[in-house]
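Readers should treat all values here as calculations from the given coordinates under stated rules, not as data from a laboratory. Because the structure is a prediction, the values reported are computed rather than measured. Neighbour counts are summed over all protein chains in view; Cβ atoms, including those assigned to glycine, are modelled from backbone coordinates with ideal geometry.
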């Protein structure tokens, strides 16, 4: 291997760690709880390996609680407008939008 695993990762996994060329191709990504993997092949030297991806963050989180805060639910409970629990009340509000 002409590139260490650490170097391959540091460079973003865009070149073959054996021949150092960028003629690599990935197969479909397999996803499993908290990680994913992808078989990679170099189209020049024929080397193959598996890239492993680990969940490190989430973006664009859609928090239904932000749109329907518990405080609104508590006010409706206090005023007698609902007898639903918070989760059921939130689902009902979402369903009303559709």
Tensor-based shape of region 1-42 (alpha-carbon gyration tensor, a/c under 1.5 rounded, otherwise prolate or oblate)
oblate
Footprinting exposure proxy for 97, 88, 76 (fewest neighbouring C-beta atoms within 10 Å first):
97, 88, 76
Ellipticity estimate at 222 nm from DSSP helix runs (n ≥ 4, -39,500 (n - 2.57)) divided over the chain, nearest 500
-9000 deg cm²/dmol
Cα-Cα separations in the chain greater than 24 Å, expressed as whole percent
52 percent
Stretchable slack from residue 52 to residue 76, in nm (0.36 nm times residue separation minus alpha-carbon distance)
3.9 nm
